[in-house]
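J.: Mind having a look at this structure? Questions to follow.
Each value in this text was obtained by applying a stated rule to the coordinates, not by laboratory testing. If you're wondering where the values come from, they're calculated on a predicted model, not measured in any experiment. Counting neighbours? That spans all protein chains shown, and the Cβs are built from the backbone with ideal geometry, glycine included.
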2 protein chains.
Amino acid sequence: MARAHWGCCPWLVLLCACAWGHPKPADLGGQDVRNCSTNPPYLPVTVVNTTVSLTALRQQMQTQNLSAYIIPDTDAHMNEYIGQHDERRAWITGFTGSAGTAVVTMKKAAVWTDSRYWTQAERQMDCNWELHKEVGTTPIVTWLLTEIPAGGCVGFDPFLLSIDTWESYNLALQGSNRQLVSITTNLVDLVWGSERPPVPNQPIYALQEAFTGSTWQEKVSGVRSQMQKHQKAPTAVLLSALEETAWLFNLRASDIPYNPFFYSYTLLTDSSIRLFANKSRFSSETLSYLNSSCTGPMCVQIEDYSQVRDSIQAYALGDVRIWIGTSYTMYGIYEVIPKEKLVTDTYSPVMMTKAVKNSKEQALLKASHVRDAVAVIRYLVWLEKNVPKGTVDEFSGAELVDKFRGEEQFSSGPSFETISASGLNAALAHYSPTKELNRKLSSDEMYLLDSGGQYWDGTTDITRTVHWGTPSAFQKEAYTRVLIGNIDLSRLIFPAATSGRMVEAFARRALWDAGLNYGHGTGHGIGNFLCVHEWPVGFQSNNIAMAKGMFTSIEPGYYKDGEFGIRLEDVALVVEAKTKYPGSYLTFEVVSFVPYDRNLIDVSLLSPEHLQYLNRYYQTIREKVGPELQRRQLLEEFKWLQQHTEPLAARAPDTASWASMLVISTLAILIWSV
Amino acid sequence: MARAHWGCCPWLVLLCACAWGHPKPADLGGQDVRNCSTNPPYLPVTVVNTTVSLTALRQQMQTQNLSAYIIPDTDAHMNEYIGQHDERRAWITGFTGSAGTAVVTMKKAAVWTDSRYWTQAERQMDCNWELHKEVGTTPIVTWLLTEIPAGGCVGFDPFLLSIDTWESYNLALQGSNRQLVSITTNLVDLVWGSERPPVPNQPIYALQEAFTGSTWQEKVSGVRSQMQKHQKAPTAVLLSALEETAWLFNLRASDIPYNPFFYSYTLLTDSSIRLFANKSRFSSETLSYLNSSCTGPMCVQIEDYSQVRDSIQAYALGDVRIWIGTSYTMYGIYEVIPKEKLVTDTYSPVMMTKAVKNSKEQALLKASHVRDAVAVIRYLVWLEKNVPKGTVDEFSGAELVDKFRGEEQFSSGPSFETISASGLNAALAHYSPTKELNRKLSSDEMYLLDSGGQYWDGTTDITRTVHWGTPSAFQKEAYTRVLIGNIDLSRLIFPAATSGRMVEAFARRALWDAGLNYGHGTGHGIGNFLCVHEWPVGFQSNNIAMAKGMFTSIEPGYYKDGEFGIRLEDVALVVEAKTKYPGSYLTFEVVSFVPYDRNLIDVSLLSPEHLQYLNRYYQTIREKVGPELQRRQLLEEFKWLQQHTEPLAARAPDTASWASMLVISTLAILIWSV
């Protein structure tokens, strides 16, 4: 799990609000949040003074004749994690939460964010800023209509609004006599000036062939073949998401946190390949790898990143049709292509192709999960020894598991910020410890670790929840019900092309049965050294249908506010299922290889089918991870693995009572007969 | 089950196409369908000659300067079953299938319909008509663009296109230089002339208070209260669906088949109640019941049905906001209301309120299901005796069950056309036998009966599948898996406000497990002497979330093309679930009371939980239906009920083997010891 996309779906936001409520921070005597109703207002030290930058922004707005200016939390590529130089909303407001939109008028300034961030916003924003505890464009437009005069203009950076978001603003403002004005020069950037962190400039490198499923030439040919087969005969595909260009050319860099991407666009036409990026970042080897010195249909021409809008506009003058995935295209590109020259799908052909891993990609992703299991098992073994000493805290723990992963072959850092949460902290959504604010791990509390790694061969994401002491009956029950949910969904057999949304309730049924539930989604796609949350695969309503070769996480949980949190997350491959009667059916093959915590399993809640599944899974873990541990001389870990994957035995009271009856009656007869 | 709404959802259409394929009619030597490729064309006797009416229609089109005219299969109220005088598409084409759109240009005429009707269309249409084996507006517009010249006008009756359908045509034609033209006088009606069947004119009557959940005054006050609470403060609610007006005023009639409705609209404003209907159809008692002689806010003013469009247009001139449910409002009403005066929701407040039955309505619906069970049980008992004689066919069977229902108290006819299908016919979607074309019932085949009744207190819908001889192992397995699906969904506990779509896979899991599935939806809402398929409750993606007090059918099935069909359909009430831990959870209470066929249940496939559920359900049937059978002196049926609701015993091989081991070892010891 982690942040991105989990809030896309309205019911999810609702469930989050119900299940997680407002995170209750450690009590700092009520003095940690601002109070704008006193005179002078009370401002904690965590607040950022924004008066000067707001004044400067309003000057820029005046120059452009704007009544209001929208500052979203996005970058130009819909990235889940955005670079520091793109954190415009954080810089102008002081509020650093990952979700929230700011709007500035000539008199007021306001931020809209969801319940996860209300306290943080009150700690970080000065009294220049109103806090609106709502999300979506509707409340923003409702506010705008009362704050700006009729005839007023609302400015925005078209590279920071997706097509959908722009349409939503546009629709809401229609007929209101207020106008949306697209301004390609970002006004916050103008004010930010030289203080703005620089755009990354590290080398962009090609992945070794051993780590790629196909060559870039094969991928380009594949996309061109899809263009030819398409009913509307597009002449070009435009790729805006960084992962699309990274995947297509097997190129990587580290421009943004956790994702190995570089700022880029690709315009792949029927006769040319145009890659928009900073040319100085390519070595001569990489340029040669890309055939960038020629101009034929299989030569990659590198054009400057900043030229993309003008180049697309120029290309669109011809007799062309440009195929885009609307989910990842920003309005700044969309607005320069005439509608009749657009071929739109929700996701580009690259996004759709990338979702299904070929056999080599599958093998690579699986291999990365074996090594990842080694790192996690090393950490769990270490915790078992060190937690009782009272020397481990959430932050040092997170650092250690990141370190263990870093020691694995092909490691390229964590795939998201490690969630290392003890006791009640595990019930908070998206909690991550800091060096300053963390909790000690203890044998008296449950501990949740949600973490993952980037490796050249694959991206991983796994959650395990453990207890080293004596868990309560309720903790064991909740854990076991979460486990049953994980098993029930993992072993489900379903028709090909079923949408994840239709089956995700199987991960909840065992919890529902007892009146329990969890307030987040059930899983997301994952990439080969790409995004840890790789769309469009997953279990939400806007995910695409399941197909053989996709990878998804399966991660039910349960959260008891103020007490503990449980999540059991595995990554699984969608495979063909063998059914009694012939048909096109699918099921999952779990590729995360870390045993669950036996200390938390209440075997009496498991059916024989659950036990059989679990023991088979344990056998697989032994087969996959055991030899790797032995090869690496990690003998303590090997022993631990053997112990933790011992087959679980069913509790079968009926059979047992028959057996004892048999013994007793036999004895009785024997006694009687002697 | 039956026809309506099952095709709303694209995946359903797709599944239908896969699972049901093309119905294979009885072979009539290949001479029963037209052949337009010979000269002269071959036309079977079932074909209707449409040359004269088409010529007349084209004259009307010329008068209106139209290049094309669309003839949908709808009436002005989105009714599932439409009256004969509304069967314009059937009359002009000859093709009487319930789904299909016709379009006529000056040179060509064409029909678009789905696979269920392709053969029927080829039997009924002459060679004036092209048959297009596609559905939806896109293929129609694609065809139109090639058939009519640029600048051409496409006429349509705005009362026969829903807002959505109109938008879909409009969007597809945008920028094509072809224009949609709304013409309120229906051109087919002009041609049809005096041959057109008359509009029904029977009395409109008020339901007795014993059969209503609330008085119309209470319902009106309830809707007005929702208007007041609404954020956009509508001044009026406009009701276009016939069931809305029927429900609101507790009025009924029989204008259309199977649904006890009358042609009407209601404009309920904050200060008036305007009912658009044929005034001559109300008796003086009914007029007095409606307070129709006064003009206050609780007086129903009856205005002529034909005046609705003008009246709405006039009302919309004021400072008003009209609240509509877009799903049931036709473009003919929508186009006369200025957009800024519209308050739109998918469903009107009446539709939403009606979906949740109050306690009296729940009791009424349950009571009707007890009597309905008596009728079905009488039929099943009769079949058991008569099928072996070889004297029963599908059609006479259907007539008999309708007759038995007609003998029940408060009966008002069947709630849809009885599906009485033997052997391979049960695998055909929407099969109904006719006097001419039907199959004999036999002890060697399975028989599927899907039928329901209209009663003053409630509407029923139940499907049972039976076999009087020796079913094959596969038939028993398939039947039992369908039964498990029914049970698994019926006993599911799920959070309040869960959408049916999220849980319907529980009705499929047991089938999926073996590589089996069914190609239709899993259930639909049902009314109190209203629609048998009452929207918006159900398990499809466009249904609303489940809430306490809703009724829905639960009806998994399995269809083996060319061999047999199984469906087990019950109606269930959504009730609060008691969970171990407190929370707002729901489950289903089945209110259909007819036992399943023991002859088709393979007990070894059932878990102890399934058996427990089944035996509890059988106990409920005994308690509900037993006394009614006894009271009515239906002693043979009572005996049958007792036999068919005997508790089912588990097959417990392990326990049994332990028991035999015990006996054997005891004997061995005894023998040895003597």
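J.: Taking each pair of distinct Cα atoms in the range A:325-391 once, what is the resulting Kirkwood hydrodynamic radius in Å? Walk me through the intermediate numbers first.
T.: Values: mean 1/r = 0.0608 Å⁻¹.
Value: 16.4 Å, from the Cα pair sum.
J.: Same structure again: Output the Kirkwood hydrodynamic radius of the protein assembly as shown, Cα pairs only, in Å rounded to one decimal.
T.: It works out to 35.1 Å.
J.: Counting only other residues whose beta carbon sits under 14 Å from that of A:Leu43, what net charge do I get with K and R as +1, D and E as -1?
T.: -1
J.: Sticking with this structure for a sec: In the range B:355-381, which residues have a backbone nitrogen under 12 Å from the label point lying 7 Å from B:Ala547's Cα in the Cα-to-Cβ direction?
T.: Residues passing the 12 Å test: B:355-358.
J.: Continuing with the same structure: Mind giving me the FRET efficiency for B:Asp561 and A:Lys229? R0 is 30 Å, r the Cβ-Cβ distance, nearest 0.05 is fine.
T.: Efficiency computed from Cβ-Cβ geometry: 0.45.
J.: Collect residues whose amide H, placed 1.01 Å from N in the peptide plane, falls under 5 Å from the amide H of A:Val590; neighbours closer than 5 in sequence don't count.
T.: Excluding prolines and chain starts, which carry no amide H, the hits are A:Leu573.
J.: R0 = 51 Å: FRET efficiency of A:Glu195 with A:Gln630, Cβ-based, nearest 0.05?
T.: 0.40
J.: Now, a different point. Give me Rg/Rg_expected for chain B, where Rg uses Cα atoms only and Rg_expected = 2.2 N^0.38 Å with N residues.
T.: Relative to the 2.2 N^0.38 Å estimate, chain B comes out at 1.04.
J.: Which percentage, to the nearest 5, of the DSSP beta bridges contained in chain B is antiparallel? Write out the running numbers ahead of the final one.
T.: Working: 54 of 76 bridges.
Antiparallel bridges: around 70 percent, rounded to the nearest 5.
J.: Same structure again: When you have a sec, figure out the Kirkwood radius of the range B:188-270 from all distinct Cα pair distances and drop it here in Å to one decimal?
T.: 14.8 Å
J.: Next question. Any idea what the dipole of the protein assembly as shown comes to, in debye rounded to 20, about its Cα centre with Lys/Arg Cβ at +1 and Asp/Glu Cβ at -1?
T.: Computed about the Cα centre, the dipole is about 500 debye.
J.: Find how many whole Å separate the alpha carbon centroid of the range B:351-386 from the alpha carbon centroid of the range A:37-77.
T.: The range A:37-77 and the range B:351-386 have Cα centres separated by 64 Å.
J.: Then there is this: Using Cα pairs under 8 angstrom and six or more residues apart, how large is the relative contact order of the range B:115-259, in percent?
T.: 20 percent
J.: Hey, fewest Cβ within 10 Å first, where do B:Asp372, A:Asp513 land in order?
T.: A:Asp513, B:Asp372
J.: Lysines within cross-link reach of A:Lys108: Cα-Cα under 30 Å, excluding same-chain residues under 8 positions apart?
T.: A:Lys24, A:Lys133, B:Lys232
J.: Distances from B:Glu609 to the same position in the other copies: list them in nm, one decimal, shortest first, using label points 7 Å from Cα along Cα→Cβ.
T.: Nearest first, the other copies' label points are 0.9 nm away.
J.: Can you compute 3J(HN,Hα) from phi for each residue in the range A:157-169, using the Karplus curve 6.51 cos²θ - 1.76 cosθ + 1.60 with θ = phi - 60°, rounded to whole Hz and x for Gly and Pro?
T.: Rounded to whole hertz, the list is 8, x, 8, 10, 10, 5, 4, 4, 5, 4, 4, 5, 4.
J.: Another question, then. Greater than 29 Å separation of Cα atoms is the criterion. Which listed pairs, A:Lys339/B:Lys107; A:Lys357/A:Lys578; A:Lys354/B:Lys560, meet it?
T.: A:Lys339/B:Lys107; A:Lys354/B:Lys560
J.: Between helix A:10-20 and chain A, what is the angle of the helix's C-alpha long axis to the longest principal axis, kept within 0 to 90° and rounded to the nearest 10?
T.: 50 degrees
J.: Could you name the aspartates and glutamates in cross-link range of A:Lys580, using Cα to Cα under 14 Å and dropping any fewer than eight places away on the same chain?
T.: B:Glu477, B:Asp513
J.: In addition: Kindly work out what percent of the DSSP beta bridges joining two residues of the protein assembly as shown are antiparallel, to the nearest 5.
T.: 70 percent
J.: Moving to a separate point now. Using Cα centres only, tell me the gap between the range A:157-212 and the range A:574-637 in whole Å.
T.: 44 Å
J.: Can I ask one more? Sequence-distant or interchain residues sharing an amide H contact under 5 Å with A:Tyr585, placed H: which?
T.: A:Ala496, A:Ala577
J.: Something else about it: In the range B:66-210, what percentage of the DSSP-assigned beta bridges are antiparallel, given to the nearest 5?
T.: Percentage antiparallel, nearest 5: 45.
J.: Another question about this same structure. Measuring label to label, 7 Å along Cα→Cβ, what does A:Val320 give against each other copy in nm, shortest first?
T.: Those label-point separations list as 5.3 nm.
J.: Defining a contact as two alpha carbons under 8 Å apart and six or more residues distant in sequence, what relative contact order in percent does the range B:481-598 show?
T.: Across the range B:481-598, relative contact order equals 27 percent.
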